[in-house]
Amino acid sequence: MKKQQGVAMIIFVIIAPILMTTFFIGLQGARALQNKSRIEDAVDMANMAVISQKSTEKQAAKALADEYMRTYMTGENNSIKVNVEKLGCYDSAACRKDSANGKSIYIESKLSAVSTHDYWFKNPFSDESSYDVAAASTSRKFQGKPADVYFIADMSGSMTIPFKAKRNGKSKFEVLAGVIKRVTADLEIYNSRHTYKHRVALTGYNYFTYHRATNGTIYEARQYNQNNINIRYVVDNMLKVKPLGRQSSGSYGYFYDMLLTSEFKTFNDQIALFRPYRYGVTASDQGIMRAAQIAERAVDLNDNQVFIILSDGEDTYPLVTRDLVQAGMCSKIKKLFNNKKSFHGEDITVTFAVIGIDYNVKSFPAMSTCVGPDNVYHASSGEDVYKNIINLISEESGRLVTN
């Protein structure tokens with residue numbers, strides 16, 4: 001019996017370390033698998049948040065992704081590295097290929113993350129004290145239902161100079177005209193395959209807006225006179241088209257209203273001829289009210305009405321704009337469609353946004369109040385302008401891509 005006990009003890013002494021090692025390895029492996037599963041879930045959730053984010057700025061996308069990853073991977077002594085890439089259709093080879101094959105265009109977000117974790121127990125087979133788990137995810141936000149898009153474009157003197165990052169490049173307006181052409185090319189992909197089509201309109205503004213008569217004559221118009229303005233009266237009557245002003249000689253720039261159309265080639269050919277006034281002031285409220293008049297008289301409305309103010313600086317008379325906003329100028333536009341239905345009987349969704357072209361709109365509080373702080377965008381390049389516009393006319397939320 002004593003001999004048997006001795007043999008059992010010897011066997012236990014031999015096997016025990018193996019069993020313990022197997023146990024620790026199994027425990028550590030289970031933890032690694034759990035962390036792998038957690039990071040995969042975290043990356044998917046973070047990417048859905050990024051693709052649904054209104055902002056298209058890389059810094060904002062990175063900050064949001066970092067926040068999600070830290071929240072989901074909490075409770076560990078670990079470090080996380082996150083990489084985010086947000087691509088417009090022109091940046092994505094997959095989107096270009098899909099659009100060439102007749103599929104809808106989309107914004108794409110690619111997010112990857114690596115999380116480093118300390119071993120709980122020393123690895124008997126390695127000198128390493130930590131291990132990595134990684135995951136990657138792709139999400140897409142597709143072009144939404146057909147929209148009526150109103151470009152409210154700054155035609156003041158500062159639009160004749162280039163972006164700060166490209167001092168010797170094209171003027172900001174020339175870049176903007178190119179961006180609008182790119183956007184309409186994307187919209188045409190949708191239009192070519194559907195009965196109900198995206199439409200676009202444009203109204204330019206400096207101190208005036210301009211109308212083109214049927215005989216081709218261009219007239220200047222303004223909603224108020226800076227030297228004699230009754231704020232309440234202007235807002236109450238902002239949807240009434242004012243009598244045409246004097247004939248424009250072109251000395252204040254060359255541009256005029258382009259009403260809603262799906263004939264994008266004609267639309268872009270005309271815009272390519274437009275020129276801002278080199279010494280013109282900025283009065284975005286003139287453009288906002290004129291866009292409201294265009295929208296109010298439009299027929300066969302699409303489900304989505306998208307108003308995009310494009311400006312590269314604060315209004316020359318900021319207090320007037322502030323007072324008009326406080327008196328309800330912008331909210332009145334949003335209420336325009338409360339009692340209207342789209343061409344096939346659906347409720348209408350209104351999106352109102354401003355894109356600051358090479359300037360921070362937040363320095364002009366009246367504009368942030370007008371559209372709402374969540375609808376303020378900044379663009380330091382034409383590419384930024386393009387991505388922001390596409391983002392505004394895409395779905396509200398995205399979807400994950402599964403292979």
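Taken together, the values in this text are just the output of simple stated rules run on the coordinates, not laboratory data. Since this is a predicted model, take the numbers as computed values, not measurements. When we count neighbours, we look across all protein chains shown, and the Cβ atoms used for this are built from the backbone with ideal geometry, even at glycine.
Quick rundown of the values:
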read-out: Fewest-first sequence of Thr71, Thr351, Thr282, Thr261 by Cβ atoms within 10 Å of each Cβ; value: Thr71, Thr261, Thr351, Thr282
read-out: Segments 373-379, 165-171 sorted - mean Cβ within 10 Å per residue, highest first; value: 373-379, 165-171
read-out: Peptides 287-297, 262-272 ordered by average Cβ neighbours within 10 Å, highest first; value: 287-297, 262-272
read-out: Calculated FRET value between Ser130 and Arg167, using beta carbons and R₀ = 35 Å, to 0.05; value: 0.15
read-out: Between segment 282-318 and segment 333-373, the Cα center-to-center distance that results, in Å; value: 9 Å
read-out: Proxy reagent accessibility, fewest Cβ within 10 Å first, across Leu64, Leu202; value: Leu64, Leu202
read-out: Extension gain from Thr316 to Ser79, taking 0.36 nm per residue of separation minus the Cα-Cα distance; value: 80.4 nm
read-out: Antiparallel DSSP beta bridges within segment 300-403, as percent of all bridges there, nearest 5; value: 10 percent
read-out: Rounded FRET efficiency, nearest 0.05, which uses the C-beta distance separating Ser52 from Leu273 and R0 of 45 Å; value: 0.75
read-out: Rounded FRET efficiency, nearest 0.05, which uses the C-beta distance separating Gln34 from Val350 and R0 of 30 Å; value: 0.05
read-out: ³J(HN,Hα) computed for each position of segment 275-291 - Karplus, 6.51 cos²θ - 1.76 cosθ + 1.60, integer Hz, glycine/proline x; value: 9, x, 8, 4, 10, x, 8, 10, 9, 4, 4, 4, x, 4, 5, 5, 4
read-out: Spacing of the two label points (7 Å from each Cα toward its C-beta) at Asn225 and Lys145, in nm; value: 4.5 nm
read-out: Of Lys97/Lys387; Lys172/Lys334; Lys141/Lys387; Lys145/Lys341; Lys197/Lys332; Lys58/Lys170, those spanning more than 22 Å from alpha-carbon to alpha-carbon; value: Lys172/Lys334; Lys197/Lys332; Lys58/Lys170
read-out: Extension gain from Val114 to Phe343, taking 0.36 nm per residue of separation minus the Cα-Cα distance; value: 77.5 nm
read-out: Anisotropy class of segment 291-403 from Cα gyration tensor, a/c 1.5 cut; value: oblate
read-out: Reachable aspartates and glutamates from Lys240, criterion Cα separation under 17 angstrom, eight or more residues apart if same chain; value: Glu220, Asp257, Asp285, Glu296
